[in-house]
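**Student:** Could you have a look at this structure, given as structure tokens, before my questions?
The values are calculated or read from the model by the stated rules, or taken from the named source; none is laboratory data. All values reported here derive from a predicted model rather than from experimental measurement. Here the Cβ positions follow ideal geometry from the backbone for every residue, glycine too, while neighbour counts run over all protein chains shown. Each accessible area value is taken on the protein alone, full model and side chains, heavy atoms only, with ligands, DNA and RNA left out. Shrake-Rupley method; radii C 1.70, N 1.55, O 1.52, S 1.80 Å.
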Amino acid sequence: MSPLVTIENKLKERIKELSCLYSVTSIIMNCNYDKIEDCIEKIAYSLKDAFQYSEDTCITIKTDEYTISTLEYPKKIPTIQSQINVFNTKIGELTAGYNNNKLTENSFLYEEKQLLEKVSIEIGNLLERKKIQENEVLIKRKVERADRISILGEITAGIAHELNTPLANILGFAELLKTNFTEDKQTTKDLDKIINSAIFSREVVKKLMYFACEIPQQITVVNMNNTITEAINLLEPSFKKKNIKYVLKFQKPTIQLNVDSIQLIQVIFNMVLNAIYFSPENGEIQIETLDNKNNVILNISDQGPGIKHAIADKIFNPFFTTKPVGDGVGLGLSVVHGIIKSHKGTITHLPNSPKGTIFSIKFPKI
């Protein structure tokens, strides 16, 4: 009778394993990638039920992002493992263990080891599909953002051209009127307000034109270190006003760059003034230049509040600003981004330690 019982038990185990694979497939097919941890947990419990000693079995799924276990158990127990791979790279393990001193590693069936390997493959495939979906969403966002910026650039260029002429007229006639009202102090003050407002508006238009790449570039070879030093000297009053120190760190005395020198100064001014604005009093700003095989790098580090994760992907968007109304129009970083992009460079940011932000600008070598 015992051979019949053994065969019957084996058949029962095969049915459990097949049921498990069906269950795992169903879980994966209906998985919500936003709640993928719940799916992995369901897979763990479904796999646990497929083992012959299911009550004494613990399943643990451990990856770079998740650690899920059906129950806590001592470390030194008999286990079998299977590697979880995503895009042919190991990212974790699927482990089955016995929480029973009477059971040993030999208590695992050969078919259970095979089942463990099959389920680990399915988990890897699930995580691969999640990565693919995340990449697709990211690419879609980048394309949408590029389209928005392209359209906005065209609109901006049109607005800038339309505003230039009337602003020049306002400024010109206001200055002309001022010469005729030298004795009337109140009128002179009012005209000064008009002139200052017109100059401010003209600067905004200039930034719009930079953003829309409407100002032609004049590319020359410059020593970036000299340009930075000159720009920082001009910003000395701004540093003193907030008692902020600055440190210049040049890897080499001369770092040559093929760039529009005026636009490079625009980048330095915008980035450093931004760092000054967000830096606390008695803070320190570090400006560093590096020269490697492929790139010339400009790093600007501050000790401000840093950039919150929620707005990290918006800071280069035109008209986006965290400054109070009147302190900025949200074009500074957009202009910087546009200038750097037009020079085939990149700009990124990362947290400074212990606080603040590091902006890293990379220009291709000459």
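**Student:** For region 37-51, what are the residues that are assigned to a helix (DSSP H, G or I) and touching a Lys or Arg at 6+ places or on another chain (Cβ under 6 Å)?
**Tutor:** Answer for region 37-51, where residues must be assigned to a helix (DSSP H, G or I) and touching a Lys or Arg at 6+ places or on another chain (Cβ under 6 Å): there is none.
**Student:** Residues that are in contact with a helix residue (DSSP H, G or I) (Cβ under 6 Å, 6 or more places away or on another chain), modelled with pLDDT under 90 and hydrophobic (A, V, I, L, M, F, W, C): does region 343-362 have at least one?
**Tutor:** No, region 343-362 has no match at all.
**Student:** For region 97-140, how many residues are open to solvent by 60 Å² or more (accessible area, probe 1.4 Å), in contact with a Leu (Cβ under 9 Å, 6 or more places away or on another chain), without any contact (Cβ under 8 Å) to a residue 60 or more places away in the chain and closer than 24 Å to N30 by Cα?
**Tutor:** Of the residues in that region, 1 qualify.
**Student:** Can you name the condition, by its number, that F278 falls short on among (1) in contact with a Pro (Cβ under 8 Å, 6 or more places away or on another chain); (2) more than 19 Å from P237 (Cα to Cα); (3) open to solvent by 40 Å² or more (accessible area, probe 1.4 Å)?
**Tutor:** (2)
**Student:** Across region 17-49, which residue is farthest from K131 (Cα to Cα) among those that are touching a residue at least 60 places away in the same chain (Cβ under 8 Å) and open to solvent by 30 Å² or more (accessible area, probe 1.4 Å)?
**Tutor:** Ranking the candidates gives L21 first.
**Student:** Which numbered condition in (1) within 27 Å of S201 (Cα to Cα); (2) touching a residue at least 12 places away in the same chain (Cβ under 8 Å); (3) of a type in the set (S, T, N, Q) is the only one that T254 fails?
**Tutor:** Result: T254 fails condition (1) only.
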